[in-house]
Amino acid sequence: MKVLIVGSGGREHAIATSVARSPKVEKIYCAPGNAGIGQIAECVPIGAMEFEKLAAFAKEKEIDFTIVGMDDPLVGGLVDVLEAEGIKVFGPRKNAAILEGSKAFSKDLMKKYHIPTAAYENFDSAEEALAYLQTAKFPIVLKADGLALGKGVLICNTLEEAKDGVASIMLDKKFGSAGNRMVIEEFMTGREVSVLSFVDGKTIRIMTSAQDHKRAQDGDQGLNTGGMGTFSPSPFYTKEVDEFCHKYIYQATVDAMAAEGRPFKGIIFFGLMLTPDGPKVLEYNARFGDPEAQVVLPRMKNDIIEVMEACVEGTLDQVELEFEDNAAVCVVLASDGYPVSYEKGFVIKGLEKFEQAEGYYCFHAGTKQTEQGIVTNGGRVLGVTAKGKDLKEARANAYAATEWVEFENKYMRHDIGKAIDEA
Ligand code: AMP
Ligand code: GLY
């Protein structure tokens, strides 16, 4: 079959790598893709938000199955546009992708269906939000309602900081229209875990757990980024936590969406906080995490196409997911200065070392093919992933492999997965 993947990051490279392993697949296209994806797929210069062009391309090439990797096109309704053209597509429709697209929606859903999450209030105006803060407890968490590249969350320690935060979200529109509404919620403490799942509208199948490192610098210092590295599984995701989440969170979310007339088909990413009062939902995403996909998918034994087709067809109850009994660590190689400002266009050397290395992957995020070779083309450049028998070995392998590639202004964190050694 012919598969089209929509997106251009490390996550889409990881998806493409899994798709390429499926014996059912003869050809992969990616729109717009990147230099690494271009080694296993044909990249086409159509942007992820160019819905009509994507639909026309899929029809012209007689694409059998389309996978939408990114949040923006999902929230914007790409799946609906493709389905209207009779194209088979994996991902939630617009009315279900709102689970990620509006934090106010997802908080109201959790409240209505008694799914554990932080206490909160939604606000449509800065005046009301500011008035509410007068009686609030600190620290407190402010969230822009809409998509903000993972940056629309502010943790405020004092009333002054929170007032400034409300102003930047709702008045200065720091995150654009994402800040037309906002959520103010209770600050929670605990370990964070990312759990990804496949969903077919009724049935949910949970993947192995992972954990992201969002801050730019070692020791979880510095600014929030899209993610500087991940490991899988999380040792904090115990059998007890898993049982709790199955009982109160996973199926409850799928049932809630169905009950609201918004059946969810695709990936639900549960951002969980393991609080002293038990696991609670920090956020939902409607797609694979980036870079969570880079540690979860290499460990998945199933044919990804079979699982995704079951989601589209509503037959996921007949599928059991299987993961390797090992671990994986992904270290992001970024451009120095990310996430603020950084230079691009430096030649990347050593990529060929990954070609023959079993259990090692170099997922491209911001790269571009030029006449000089493959060059850096973004803040997050590569995601170097390695497997190992346990997290310690995977971590050692991943850091060894970060030395195989060189480019000017290469920057990485040195403590991805480190806390787990001490656990
Ligand atoms: P989100 O985009 O909602 O996952 O938020 C981004 C990050 O902000 C999370 O990964 C947490 O580290 C932090 N965060 C979000 N909500 C809360 C909360 N209620 N309490 C503490 N930290 C939070
Ligand atoms: N790594 C977090 C995310 O993809 O949202």
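The values are calculated or read from the model by the stated rules, or taken from the named source; none is laboratory data. As the structure is a prediction and not an experimental result, all values here were calculated from the model. Cβ atoms come from the backbone with ideal geometry, glycine included; neighbour counts cover every protein chain shown. Side chains are part of the model used for accessible areas, which takes the heavy atoms of the whole protein and leaves out ligands, DNA and RNA. Shrake-Rupley method; radii C 1.70, N 1.55, O 1.52, S 1.80 Å.
Could you look through segment 198-225, keep only residues that are among the polar types (S, T, N, Q), assigned to a strand (DSSP E or B) and closer than 26 Å to residue 119 by Cα, and pick out the one that is farthest from ligand 1 (Cβ to nearest atom)? Top of the filtered list is 209. Taken together, the criteria place residue 188 among residues that are on the phi < 0 side of the Ramachandran plot and in contact with a Leu (Cβ under 8 Å, 6 or more places away or on another chain).
Any idea which residue in segment 83-123 is nearest to the chain's Cα centre (by Cα), counting only those that are more than 16 Å from ligand 1 (Cβ to nearest atom) and of a type in the set (A, V, I, L, M)?
The qualifying residue nearest to the chain's Cα centre (by Cα) is 96.
Of all residues being among the hydroxyl-bearing types (Ser, Thr, Tyr) and open to solvent by less than 20 Å² (accessible area, probe 1.4 Å) in segment 1-28, which is farthest from ligand 2 (Cβ to nearest atom)? Just the residue, please. Taking the candidates together, the pick is 22.
Restricting attention to segment 280-293, which residues are open to solvent by less than 10 Å² (accessible area, probe 1.4 Å) and more than 11 Å from ligand 2 (Cβ to nearest atom)? Hit for segment 280-293 is 281, nothing else. Being at positive phi and touching a Ser or Thr at 6+ places or on another chain (Cβ under 8 Å) holds for only one residue in 86, 33, 77, 7, and it is 33. The residues in segment 45-70 that are open to solvent by less than 30 Å² (accessible area, probe 1.4 Å), touching a strand residue (DSSP E or B) at 6+ places or on another chain (Cβ under 9 Å) and of a type outside the set (S, T, N, Q) can be counted, and the count is 11. Taken over segment 241-268, the residue count meeting the criterion of being open to solvent by less than 10 Å² (accessible area, probe 1.4 Å) and either within 13 Å of ligand 1 (Cβ to nearest atom) or closer than 20 Å to residue 112 by Cβ (or both) is 9. The strands (runs of 3 or more DSSP E) falling completely within segment 316-390 that include 2 or more residues that are closer than 15 Å to residue 13 by Cα and open to solvent by less than 20 Å² (accessible area, probe 1.4 Å) map to 327-335, 360-364, 380-388.
Looking at segment 149-169, which of the residues that are within 21 Å of residue 106 (Cβ to Cβ) and open to solvent by 20 Å² or more (accessible area, probe 1.4 Å) is modelled with the lowest pLDDT? Ranking the candidates gives 150 first.
Taken over segment 171-197, residues that are in contact with a strand residue (DSSP E or B) (Cβ under 6 Å, 6 or more places away or on another chain) and either open to solvent by 70 Å² or more (accessible area, probe 1.4 Å) or in a helix (DSSP H, G or I) (or both) amount to 5. Taken residue by residue, segment 312-327 has no member that is closer than 21 Å to residue 92 by Cα, small (Gly, Ala, Ser) and within 16 Å of ligand 1 (Cβ to nearest atom). If only residues of segment 198-221 that are open to solvent by 30 Å² or more (accessible area, probe 1.4 Å) and within 16 Å of ligand 2 (Cβ to nearest atom) are counted, the one that is nearest to the chain's Cα centre (by Cα) is 214. Restricted to segment 141-160, and to residues there that are within 13 Å of ligand 2 (Cβ to nearest atom) and of a type outside the set (Lys, Arg), the residue that is nearest to residue 186 (Cα to Cα) is 153. Considering segment 1-81, the qualifying helices (runs of 4 or more DSSP H), each wholly inside and each with 2 or more residues that are more than 24 Å from residue 268 (Cα to Cα), run over 51-60. Contact annotation: residue pairs with Cβ atoms under 9 Å, 6 or more positions apart or on different chains, pairing a residue in segment 274-287 that is among the acidic types (Asp, Glu) with a partner that is near ligand 2 (Cβ under 10 Å from one of its atoms), are 283/100; 283/269; 283/271.
Selection of first residues in segment 138-154 that are part of a strand (DSSP E or B) and of second residues that are within 14 Å of ligand 2 (Cβ to nearest atom) and open to solvent by less than 10 Å² (accessible area, probe 1.4 Å), restricted to Cβ pairs under 7 Å at least 6 apart or on distinct chains, gives the following pairs, ordered by first then second residue: 143/152; 144/152. A residue that is among the hydrophobic types (A, V, I, L, M, F, W, C), within 16 Å of ligand 2 (Cβ to nearest atom) and modelled with pLDDT of 95 or more can be found somewhere in segment 314-329. For beta carbons closer than 7 Å, sequence separation of 6+ or different chains, a first residue in segment 339-359 that is modelled with pLDDT under 95 and a second that is part of a loop (DSSP other than H, G, I, E, B), the qualifying pairs are 339/225; 339/379.
The set of residues from segment 269-279 being surrounded by fewer than 20 Cβ atoms within 10 Å (Cβ to Cβ) and within 11 Å of ligand 2 (Cβ to nearest atom) comprises just one member, 271.
Hey, among the residues in segment 93-125 that are open to solvent by 30 Å² or more (accessible area, probe 1.4 Å) and of a type in the set (Asp, Glu), which one's farthest from ligand 2 (Cβ to nearest atom)? Here the residue is 124.
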